[in-house]
Amino acid sequence: MLAWLKQRLQRNTPFLGRTKPQIDLHTAFPRALMPSLSLPDRQVYPSITPMAKADIFGYQMHCLLTYQGKEALDTLLREAGFMALPAVTDHFSGLIEHSTNETRIFLSQYADFAGICINLVTNNNALLAALVNFKSAPPTPWESFADVDPDTLGSLQGNIDFWCNYFWRPYWLSLSDTERLQYPENWREFSDYH
């Protein structure tokens, strides 16, 4: 995950119309601003994980959201004091400063898999408290892969392997047995197998 994040950060990307230099997350998320957060044993999707072991002192959320889920996330970000957000579907990778304190978020977002892929790192306590209770879902598998028949899939490679490992499986594992029954049988079997 950290390698993916570093790859994204190596590009000079637009930051709300301006080009920003490469971001040093070790400097942006220092130990002194590490929030105190008690995470539940079983989290909803998307889950929150601590980054302290990578010398980045914040918490991370990596997920795939529907467009409506991304709009709901943006509402939480604004309510926590992060105002300078990119448009829902804009490709973006950069730091966003809090409007009144020293906390920040690193946000990387891009459209793929019929939704918005998100990697968010933050050290803001109010935002983290909201994110722990934020429940959303990725687009359905038949939306992300409209031309794929799950009955024909054996071992996974490429985009579908990435999607399954980093987005779909974490979502599937967060569901109860009753919630899983809402999906078609062939996609339930695929999800249980992979």
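Could you give every pair whose Cβ atoms fall below 8 Å, whose first residue belongs to region 23-43 and is over 15 Å from residue 105 (Cβ atoms) and in contact (Cβ under 8 Å) with a residue 24 or more places away in the chain, and whose second residue is aliphatic (A, V, I, L, M) and buried (at least 16 other Cβ atoms within 10 Å of the Cβ), counting only separations of at least 6 or pairs across chains?
26/56; 39/48; 39/132; 40/132; 43/132
Considering region 173-185 alone, what residues qualify as being in a helix (DSSP H, G or I), more than 22 Å from residue 72 (Cβ to Cβ) and not polar (S, T, N, Q)?
Narrowing region 173-185 to residues in a helix (DSSP H, G or I): 173-174, 177-180, 185.
The next check asks that each one be more than 22 Å from residue 72 (Cβ to Cβ); those that pass are 177-178, 180, 185.
177, 180, 185 - these are the residues of region 173-185 that are in a helix (DSSP H, G or I), more than 22 Å from residue 72 (Cβ to Cβ) and not polar (S, T, N, Q).
Taking the stated definitions as given, is residue 75 of a type in the set (Ser, Thr, Tyr), assigned by TED's automatic domain parsing to the domain that holds residue 44, over 25 Å from residue 27 (Cα atoms) and modelled with pLDDT under 95?
Spelling it out, it is not the case that residue 75 is of a type in the set (Ser, Thr, Tyr), assigned by TED's automatic domain parsing to the domain that holds residue 44, over 25 Å from residue 27 (Cα atoms) and modelled with pLDDT under 95.
If you take the residues in region 10-34 that are modelled with pLDDT under 90 and either within 30 Å of residue 176 (Cα to Cα) or among the polar types (S, T, N, Q) (or both), which one is surrounded by the most Cβ atoms within 10 Å (Cβ to Cβ)?
13
Every residue, every condition in (1) assigned to a loop (DSSP other than H, G, I, E, B); (2) farther than 30 Å from residue 32 by Cβ; (3) in contact with a helix residue (DSSP H, G or I) (Cβ under 7 Å, 6 or more places away or on another chain), yes or no:
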site: 119; (1), (2), (3): no, no, yes
site: 129; (1), (2), (3): no, no, no
site: 136; (1), (2), (3): yes, yes, yes
site: 143; (1), (2), (3): no, yes, no
site: 151; (1), (2), (3): no, yes, yes
site: 160; (1), (2), (3): no, yes, no
site: 171; (1), (2), (3): no, yes, no
site: 187; (1), (2), (3): no, yes, yes
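Of all residues in region 102-111, which are assigned to a strand (DSSP E or B) and in contact (Cβ under 8 Å) with a residue 40 or more places away in the chain?
Keep residues of region 102-111 that are assigned to a strand (DSSP E or B), which gives 104-111.
Result: 104, 106, 108.
Could you run through region 109-130 and say how many residues are of a type in the set (S, T, N, Q) and crowded, with 20+ Cβ neighbours inside 10 Å?
So in region 109-130, the residues of a type in the set (S, T, N, Q) come out as 109, 119, 122-125.
Okay, now just the ones that are also crowded, with 20+ Cβ neighbours inside 10 Å, so 109, 122-124.
Total meeting the criteria: 4.
Tell me, which residue of region 145-174 that is in contact (Cβ under 8 Å) with a residue 60 or more places away in the chain and touching a Phe, Trp or Tyr at 6+ places or on another chain (Cβ under 8 Å) is surrounded by the fewest Cβ atoms within 10 Å (Cβ to Cβ)?
Ranking the candidates gives 174 first.
Any chance you could count how many residues in region 42-60 are in a strand (DSSP E or B), out of contact with any Phe, Trp or Tyr (no Cβ under 7 Å at 6 or more places or on another chain) and over 18 Å from residue 138 (Cα atoms)?
First pass over region 42-60, keeping only residues in a strand (DSSP E or B): 49-50, 59-60.
Now drop any that are not out of contact with any Phe, Trp or Tyr (no Cβ under 7 Å at 6 or more places or on another chain), which leaves 59-60.
After this cut, where a residue has to be over 18 Å from residue 138 (Cα atoms) as well, the list is 59.
Of the residues in that region, 1 qualify.
Can you name the residue in region 128-152 that is hydrophobic (A, V, I, L, M, F, W, C) and over 18 Å from the mean Cα position of the chain (by Cα) and, of all such residues, is farthest from residue 74 (Cα to Cα)? Give the steps one after another, and end with the answer.
Going through region 128-152, the residues hydrophobic (A, V, I, L, M, F, W, C) turn out to be 128-132, 134, 137, 142, 145-146, 148.
Those still in the list that are over 18 Å from the mean Cα position of the chain (by Cα) too: 142, 145-146, 148.
On the way: 142: 25, 145: 26, 146: 27, 148: 31 Å.
So the residue we want is 148.
Applying the selection to region 58-93, what residues are crowded, with 21+ Cβ neighbours inside 10 Å and more than 21 Å from residue 43 (Cβ to Cβ)?
Scanning region 58-93 gives 82, 93.
State yes or no: is residue 160 out of contact with any Pro (no Cβ under 7 Å at 6 or more places or on another chain) and in the same structural domain as residue 87 (by TED's automatic domain parsing)? Spell out how you get there, then give the answer.
Values: out of contact with any Pro (no Cβ under 7 Å at 6 or more places or on another chain): yes; in the same structural domain as residue 87 (by TED's automatic domain parsing): no.
Taking the combined requirement at face value, the residue does not satisfy it.
For the structure I just gave you, tell me whether residue 70 is under 30 Å from residue 144 (Cα atoms) and either at pLDDT 95 or above or β-branched (Val, Ile, Thr) (or both). Spell out the reasoning first.
On the way: under 30 Å from residue 144 (Cα atoms): yes; either at pLDDT 95 or above or β-branched (Val, Ile, Thr) (or both): yes.
In short, yes.
The values are calculated or read from the model by the stated rules, or taken from the named source; none is laboratory data. All figures in this text were calculated on a predicted structure; none of them were measured in a lab. Virtual Cβ from ideal backbone geometry, glycine too; neighbours counted across all protein chains shown.
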